[in-house]
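K.L.:
I have a structure I would like to understand better, so I am pasting it below and will then ask my questions one at a time.
The values are calculated or read from the model by the stated rules, or taken from the named source; none is laboratory data. All figures in this text were calculated on a predicted structure; none of them were measured in a lab. Cβ placement follows ideal geometry from the backbone for every residue including glycine, while neighbour counts extend to all protein chains displayed. Side chains are part of the model used for accessible areas, which takes the heavy atoms of the whole protein and leaves out ligands, DNA and RNA. Shrake-Rupley method; radii C 1.70, N 1.55, O 1.52, S 1.80 Å.
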Amino acid sequence: MQLFDDCELFDEGTRRYVDFQLPNTELRLWEQFFPKAEADKYFKALKETTPWQQRTRKMYDRVIPDPRLTAYYGGTKGFEWTPDLLDIKAKVEAACGVFFDRVLLNYYRDGNDSVSWHSDTLPADGRHHPIASITFGETRLFKVRPKDRSVADQLDIPLTHGSFLLMGETMQEHYEHHIPKTSKKIGARINLTFRISEPGKPVYGIGPASQP
């Protein structure tokens, strides 16, 4: 199901909140969570100062580069948190009522960069947690489909500049997601996925989630 008719529709303007009410999980979207000027500032800083890396993976009998650049902060093996990342993290936590201890940054340089259908793997403590996804830069389509096709239809969600998508703790068990390539000539997108990795770390504790 195509959620919005035009991927550019919400690039400017006021905040918009959507609760998708998916079966077996939670999926919520805050459009314009970061105002444009603030989102512009974070995009420029992250693009220019992040130590981006291109990882490789083995596929069948070949080793191929990931079609995007990445960087990992926090946890036990990531880079040290920067002031900008801590600011973003604090605003996300205050809105959704979840504490996070690490973040994965993905840099989609143009429409050729993508990520295939997948569910995120279990963190170190062996159970799924909520994941907060922040987008800065170009709008890209975020596709979601249930593992059990009889449960719900596929969703096509444009993630726009400054948006915040919250995936519930059971999302990875029941759904897959995907950022497809596009033939359109588009600019770069930076995506931050805030996660929880430490066993025993408080997950809920800030308060109820806010709505704009």
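K.L.:
With touching a helix residue (DSSP H, G or I) at 6+ places or on another chain (Cβ under 7 Å), open to solvent by less than 80 Å² (accessible area, probe 1.4 Å), more than 16 Å from Thr135 (Cα to Cα) and at pLDDT 90 or above as the only criterion, which of Tyr42, Tyr73 stands out? Break it down stepwise before answering.
P.N.:
Values: Tyr42 fails: more than 16 Å from Thr135 (Cα to Cα).
Testing whether each residue is touching a helix residue (DSSP H, G or I) at 6+ places or on another chain (Cβ under 7 Å), open to solvent by less than 80 Å² (accessible area, probe 1.4 Å), more than 16 Å from Thr135 (Cα to Cα) and at pLDDT 90 or above leaves just Tyr73.
K.L.:
Could you give me the residue pairs with C-beta distances under 7 Å whose first residue belongs to the stretch 18-29 and is under 14 Å from Ala132 (Cβ atoms), whose second residue is open to solvent by 20 Å² or more (accessible area, probe 1.4 Å) and among the acidic types (Asp, Glu) wherever it lies, and which are 6+ apart or on separate chains?
P.N.:
Pairs that qualify, where the first residue is under 14 Å from Ala132 (Cβ atoms) and the partner is open to solvent by 20 Å² or more (accessible area, probe 1.4 Å) and among the acidic types (Asp, Glu), are Arg28/Asp19.
K.L.:
Taking the condition of being open to solvent by 10 Å² or more (accessible area, probe 1.4 Å) and of a type in the set (Phe, Trp, Tyr), how many residues in the stretch 115-137 meet it?
P.N.:
So the answer is 1.
Here's the yes/no breakdown for (1) open to solvent by less than 60 Å² (accessible area, probe 1.4 Å); (2) modelled with pLDDT of 95 or more; (3) not hydrophobic (A, V, I, L, M, F, W, C):
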site	(1), (2), (3)
Val18	yes, yes, no
Leu46	yes, yes, no
Gln54	no, no, yes
Gly78	yes, no, yes
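K.L.:
State whether one or more residues within the stretch 194-210 are open to solvent by less than 20 Å² (accessible area, probe 1.4 Å) and either modelled with pLDDT of 95 or more or among the acidic types (Asp, Glu) (or both).
P.N.:
Here is the first cut: in the stretch 194-210, the residues open to solvent by less than 20 Å² (accessible area, probe 1.4 Å) are 194, 196-197, 203.
Restricting the remaining residues to those that are either modelled with pLDDT of 95 or more or among the acidic types (Asp, Glu) (or both) gives 194.
Checked against the condition, which is being open to solvent by less than 20 Å² (accessible area, probe 1.4 Å) and either modelled with pLDDT of 95 or more or among the acidic types (Asp, Glu) (or both), the stretch 194-210 yields at least one hit.
K.L.:
Consider Glu176 against the criteria (1) under 16 Å from the mean Cα position of the chain (by Cα); (2) open to solvent by 50 Å² or more (accessible area, probe 1.4 Å); (3) farther than 24 Å from Ile88 by Cβ: it satisfies all of them except one. Which criterion is unmet?
P.N.:
Just one mismatch for Glu176, condition (2).
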